[in-house]
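Structure, as structure tokens:
The values are calculated or read from the model by the stated rules, or taken from the named source; none is laboratory data. This is a predicted model, so every value here is computed, not measured. Every residue, glycine among them, receives a Cβ derived from its backbone with ideal geometry; neighbour counts consider all protein chains shown. These area figures cover heavy atoms from the full protein model, side chains too; ligands, DNA and RNA do not enter into them. Shrake-Rupley method; radii C 1.70, N 1.55, O 1.52, S 1.80 Å.
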Amino acid sequence: FGHTFESIPPSSTFFWTNSAKMLLRVFLGLAVVVTAAAMDVPVQRGRDHTFQCDFTINTGLTYVLNWYKDGTDIMNYLSTDDEPTFTGAFADRDGVQLAAGSPRKDLVIQNLQIADAGEYHCSVTELGAGAQSGDGTMYQLMVFDLPSVTISGGPYELGEGESMTTICRANSHPPSNFTWTLPSGDVSEGASLQIRNMTLADAGTYRCTADNGYGSAYETVQVTMKEKVIGGSDVMRVQGLPVMLLLIASLLLPVFLS
């Protein structure tokens, strides 16, 4: 994990006890407290997740457990009670509970939604002789949607020299980045695909790939080239050629036979 550092003035007074000892590294009169960064937890929307409270609770002691989201209390539980009390956005939320076990301390959230993303951690306060208190691991929950790709329009049929534009879209969270793979194998970045001055080399399958860092998906579109239309004069020239050859042959045949 990364770390954050908080400076403490040298003049601060610290009390050292046997039950809670703080290790301070002092260099040139500056005290530094090292705090572990939050653990990233990516979960797809609609799935369930269990946050583990890894603070060790002494067996047999009564304790108070709190879970926090973004620094705000969302659950409190006294171990002698049957069930916890959820507050804030989780007060009336279905599918939020403490996991079964002894002691009960792990938070379960079912059917995760985008709004559930945030920083979660537990806090435990023991009651009675030898009681301790402290926080568990900090979790940074990221709720994502995998990309679902669509391409506007298509398939396309273009004449020589014509142009076209199509757009690739994706439903995803967070938003996706787009890449087009051309029939030639070349790659173009961005959601928009443009073909200018169409040639036969531009015909083929174009693939759009959307990637949001948690997954990717792709869709394809076909671009073909229209057959060239032959004009009336061209038809006469093409169709008249055999007739002319037969005429010439009929004129020359008597010469060869005489």
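Among the strands (runs of 3 or more DSSP E) confined to segment 149-227, the ones with at least 1 residues that are touching a Pro at 6+ places or on another chain (Cβ under 7 Å) and surrounded by 13 or more Cβ atoms within 10 Å (Cβ to Cβ) are located at 164-173, 204-211, 216-225. For segment 53-106, residues that are touching a His at 6+ places or on another chain (Cβ under 7 Å) and farther than 28 Å from residue 130 by Cα total 0.
Residue by residue, here is whether (1) surrounded by fewer than 19 Cβ atoms within 10 Å (Cβ to Cβ); (2) of a type in the set (Ser, Thr, Tyr) holds:
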{"position": "102", "(1), (2)": "yes, yes"}
{"position": "111", "(1), (2)": "yes, no"}
{"position": "117", "(1), (2)": "no, no"}
{"position": "125", "(1), (2)": "yes, yes"}
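In the set 72, 62, 165, only one residue is closer than 30 Å to residue 210 by Cα and modelled with pLDDT of 95 or more; that residue is 165. The criterion of at least 2 residues that are within 28 Å of residue 146 (Cα to Cα) is met by the following strands (runs of 3 or more DSSP E) wholly inside segment 29-129: 39-44, 49-51, 62-69, 96-98, 107-109, 118-127. Filtered by the rule that a residue be within 18 Å of residue 55 (Cβ to Cβ) and open to solvent by 30 Å² or more (accessible area, probe 1.4 Å), segment 67-99 gives 68, 69, 71, 73, 76, 78, 79. Among the residues of segment 41-56, just one is over 16 Å from residue 107 (Cα atoms) and open to solvent by 80 Å² or more (accessible area, probe 1.4 Å), namely 45.
The residue of segment 133-148 that is nearest to the chain's Cα centre (by Cα), among those that are assigned to a strand (DSSP E or B) and among the polar types (S, T, N, Q), is 148.
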